[in-house]
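Beneath this line is the structure, given in structure tokens, with notes to follow.
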Amino acid sequence: MAILVDRDTYVVVQGVTGRQGAFHTRAMLKYGTKVLAGVTPGKGGQNVEGVPVYDSVAEAVENHPQINTSLVMVPAPHAGDAVLEALNSNIKLVVVITEHVPVHDAMKFINYAMLRNSHIIGPNCPGVITPEAAKVGIMPGHIFKRGKVGIVSRSGTLTYEIAYQITVNGLGQSTCVGIGGDPVVGLNFIDVLEMFRRDDETEAVVLIGEIGGDLEERAAEYIVRTRYPKPVVGYIAGRTAPPEKRMGHAGAIISLGAGDPASKIKALNEAGVAVASTPKEVASKLVSILK
């Protein structure tokens with residue numbers, strides 16, 4: 001079944017003519033993702049890797065009514081407007097790769113998406129991939145293999161490392177979702193865990209957290225409260241991070257005694273989540289659970 005993206009995912013890339021937009025459009029096409037259109041205001045009539053470029057999302061959707069997903073690779077000052085444009089064109093999944101999106105803009109488009117029954121992944125995320133079906137984002141597709149482990153992660157590069165360990169151990173992934181590392185994100189751990197709960201293909205879930213915020217603690221509470229039926233293996237990045245120092249991006253900071261790795265690991269352990277101390281150990285725990 002997979003979640004969020006599959007062979008019926010049809011994509012418009014907003015910011016397609018930029019260097020990163022063009023590069024990742026090429027990579028998605030090579031992977032087999034159905035990228036039908038791109039959008040860059042003022043560049044309509046061009047094409048990128050054979051993908052037609054339009055001046056607006058509305059124009060792209062008018063010409064390609066199958067479009068149901070947008071990948072946003074628009075510079076941060078304009079990303080908020082780009083997301084709202086996609087939502088107003090009735091696109092149901094918007095994947096926001098852009099980093100440094102103002103928090104107020106993110107809050108605005110995330111709330112608007114809820115009103116329109118659409119999903120936001122990100123901002124500041126690597127995207128989503130269902131191996132051998134579709135990838136929408138910047139993940140290196142070759143390290144993923146179709147399998148039975150769902151991954152939900154706040155970290156980009158750690159997602160790739162852990163996915164690779166799962167692949168080489170022969171388990172593979174059902175779907176991998178990078179929810180993003182900003183303080184305010186669209187889909188969160190609980191949302192994605194709930195999707196994996198309903199997915200017959202997913203037999204176990206990996207939850208990759210990091211310092212900052214309380215998303216992991218909330219996920220732990222949800223796992224207990226709902227008696228989550230599938231095994232969950234966790235990993236928390238940033239165990240050696242010093243308090244009050246911002247690490248890498250906006251969400252990764254330990255402040256006022258909150259967001260520290262110890263509290264996250266404790267909450268997950270108490271919820272029955274097997275928390276690994278290294279990325280490689282995530283895969284070995286999964287093997288012992290599933291084989």
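Here, each number is a calculation from the coordinates, and none is a lab measurement. Quick caveat: nothing in here was measured; it's all calculated off a predicted structure. Glycine gets a Cβ as well: all are built from the backbone with ideal geometry, and neighbour counts include every protein chain shown.
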How about residue 34: which lysines have a C-alpha closer than 23 Å to its C-alpha, ignoring those fewer than 8 places off in the same chain?
43, 92, 135, 145
Need the C-alpha centroid separation for the range 142-158 versus the range 1-50, integer Å.
21 Å
For residue 30, list the aspartates and glutamates whose Cα falls under 17 Å from its own Cα; do not include residues on the same chain fewer than 8 positions away.
6, 8, 49, 132
Fewest-first sequence of 121, 151 by Cβ atoms within 10 Å of each Cβ
151, 121
Which order do peptides 111-118, 62-69 fall in by mean Cβ count within 10 Å, highest first?
62-69, 111-118
Gain on full stretching of the segment that runs from residue 145 to residue 66 - 0.36 nm per residue minus C-alpha separation
25.8 nm
So if R0 is 25 Å, what FRET efficiency would residue 157 and residue 270 give, r being the distance between their Cβ atoms, rounded to the nearest 0.05?
0.35
Classify the chain from the C-alpha gyration tensor, please: rounded if a/c falls under 1.5, else prolate or oblate depending on whether a/b exceeds b/c.
prolate
Cβ-Cβ cut-off under 14 Å around residue 11, Lys and Arg +1, Asp and Glu -1: the net charge is +3
Could you size up the charge dipole of the range 118-249 around its Cα centre, putting +1 on the beta carbon of Lys and Arg and -1 on that of Asp and Glu, and report it in debye to the nearest 20?
160 debye
Under 12 Å from the Cβ of residue 30, count the other residues' Cβ atoms, weight Lys and Arg +1, Asp and Glu -1, and hand me the total.
+1
For the pair residue 226/residue 107, report the inter-label distance in nm, with labels modelled 7 Å from Cα in the Cβ direction.
2.6 nm
List the relative contact order of the range 140-290 as a percent without decimals, with contacts defined as Cα pairs under 8 Å and 6+ residues apart.
25 percent
Once both labels are modelled 7 Å past Cα along the beta-carbon direction, what's the residue 168-residue 100 spacing in nm?
3.5 nm
All other residues with a Cβ under 11 Å from the Cβ of residue 72 taken together, and with Lys, Arg as +1 and Asp, Glu as -1, what is their net charge?
-2
For the pair residue 287 and residue 46, how long in nm is the line joining their label points, each one 7 Å along Cα→Cβ?
4.8 nm
Contact order relative to length for the chain, counting C-alpha pairs under 8 Å separated by 6 or more residues, stands in percent at 14 percent
Which FRET efficiency, nearest 0.05, do residue 20 and residue 194 yield, Cβ-Cβ r, R0 25 Å?
0.20
